[in-house]
C-alpha cells in the first residue's frame, strides 16, 4: 500500500512538471507561429580553430512550416539548430516529452530550463535543453544534440522583433569534429591538421547578427524552389 501511494505521488508530481513544461513550450510555439514568413539580412562571423574564415553576409528567407533558403555570394556557415530545426520539432507536440527543471539567470534574465526528449528514433534531434524567458516566451539559450552535428549550444539576443520571437543575434558554439561544415572549409581543416598537427579544443564560435527583418510579407513558394 505504501509503495502504491509513493508511486501515485510521484506520478502526480511528474505529471505536474510535464504539464508546466508543455504550457511554457506552447506559449513559445504560439508566438513563433505568428510568423508566417520572413526575410532577414544575416551578418556571419565564424571563429573556427585552425582556419581563417572571412565575415560573410547573406539573405535568409523562411516560410512556415519548414521552407528555408539562404542567398549569399560567399561561404556561409549557418547552423539550422537555431532557426528552423528546433522550431519545427517543437511544433509537433506528439513527437516529444518535455520536463521542467530549475530556474537560471542568463544575461540578467530569469529563465526556466525545459528538457525535451523525442518519442521516436526517427528524430534527428536526440535531446534538447531550452532555457526559456517565461515572461516573454522566447528561448534565451539552447543546447541541441543531433545525430549528425553533435551538440550545438546557442545563446539568443532579442531586439524589436521579440514580439514575434525572432532574435537579433545568435551565438553558436559547435564541436568542429562533429559539426557538418561546408566541404571547402572541412577540407582546409583536415589539411591543416595533417600538415601542422595543431592541437586545439575543437570548439568553434559562429556569431550571426540579424537585421532588417521583413515579417509576413507573403513570400511565394516558388522562391524556395531549387533552380537546376
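The values are calculated or read from the model by the stated rules, or taken from the named source; none is laboratory data. Just so it is clear, the structure is predicted and the values come from calculations on it, not from any experiment. Positions of Cβ are generated from backbone atoms using ideal geometry, with glycine treated the same way; all protein chains shown enter the neighbour counts.
Each row is one residue, and each column tells you yes or no for (1) within 30 Å of residue 74 (Cβ to Cβ); (2) at pLDDT 95 or above; (3) in a strand (DSSP E or B); (4) in contact with a strand residue (DSSP E or B) (Cβ under 6 Å, 6 or more places away or on another chain).
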position: 3; (1), (2), (3), (4): no, no, no, no
position: 6; (1), (2), (3), (4): no, no, no, no
position: 11; (1), (2), (3), (4): no, no, no, no
position: 20; (1), (2), (3), (4): no, no, no, yes
position: 23; (1), (2), (3), (4): no, no, no, no
position: 29; (1), (2), (3), (4): no, no, no, no
position: 38; (1), (2), (3), (4): yes, yes, yes, yes
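Which residue out of 179, 164 is at pLDDT 95 or above and surrounded by 14 or more Cβ atoms within 10 Å (Cβ to Cβ)? Working first, answer last.
Working: 179 fails: at pLDDT 95 or above.
Among 179, 164, only 164 is at pLDDT 95 or above and surrounded by 14 or more Cβ atoms within 10 Å (Cβ to Cβ).
Check region 139-152 and report whether any residue there is part of a strand (DSSP E or B), surrounded by fewer than 17 Cβ atoms within 10 Å (Cβ to Cβ) and at positive phi.
yes
Among the residues of region 52-63, count how many are at pLDDT below 90 and surrounded by fewer than 17 Cβ atoms within 10 Å (Cβ to Cβ).
Result for region 52-63: 3.
Each row is one residue, and each column tells you yes or no for (1) modelled with pLDDT under 90; (2) crowded, with 21+ Cβ neighbours inside 10 Å; (3) in a helix (DSSP H, G or I); (4) in contact with a helix residue (DSSP H, G or I) (Cβ under 6 Å, 6 or more places away or on another chain).
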site: 130; (1), (2), (3), (4): no, yes, no, no
site: 135; (1), (2), (3), (4): no, no, no, no
site: 170; (1), (2), (3), (4): no, yes, no, yes
site: 186; (1), (2), (3), (4): yes, no, yes, no
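Given the conditions (1) touching a helix residue (DSSP H, G or I) at 6+ places or on another chain (Cβ under 8 Å); (2) part of a loop (DSSP other than H, G, I, E, B); (3) surrounded by fewer than 19 Cβ atoms within 10 Å (Cβ to Cβ), report the number of the one that residue 77 does not fulfil.
Going through (1) touching a helix residue (DSSP H, G or I) at 6+ places or on another chain (Cβ under 8 Å); (2) part of a loop (DSSP other than H, G, I, E, B); (3) surrounded by fewer than 19 Cβ atoms within 10 Å (Cβ to Cβ) one by one, residue 77 breaks only (3).
Test residue 101 against the stated conditions and say whether it is over 15 Å from residue 207 (Cα atoms) and within 13 Å of the chain's Cα centre (by Cα).
Numbers: over 15 Å from residue 207 (Cα atoms): yes; within 13 Å of the chain's Cα centre (by Cα): no.
No, not satisfied.
If you check residue 116 against the conditions, is it part of a strand (DSSP E or B) and touching a residue at least 60 places away in the same chain (Cβ under 8 Å)?
Considered against the rule, which asks whether it is part of a strand (DSSP E or B) and touching a residue at least 60 places away in the same chain (Cβ under 8 Å), residue 116 comes out as yes.
Scan region 30-50 residue by residue and report those that are touching a helix residue (DSSP H, G or I) at 6+ places or on another chain (Cβ under 6 Å) and surrounded by 18 or more Cβ atoms within 10 Å (Cβ to Cβ).
32, 35
Of (1) at pLDDT below 90; (2) not in a helix (DSSP H, G or I), residue 90 satisfies all except one. Which?
(2)
Can you spot a residue in region 198-213 that is at pLDDT below 95, in contact with a strand residue (DSSP E or B) (Cβ under 8 Å, 6 or more places away or on another chain) and exposed (fewer than 12 other Cβ atoms within 10 Å of the Cβ)?
No, the conditions are met nowhere in region 198-213.
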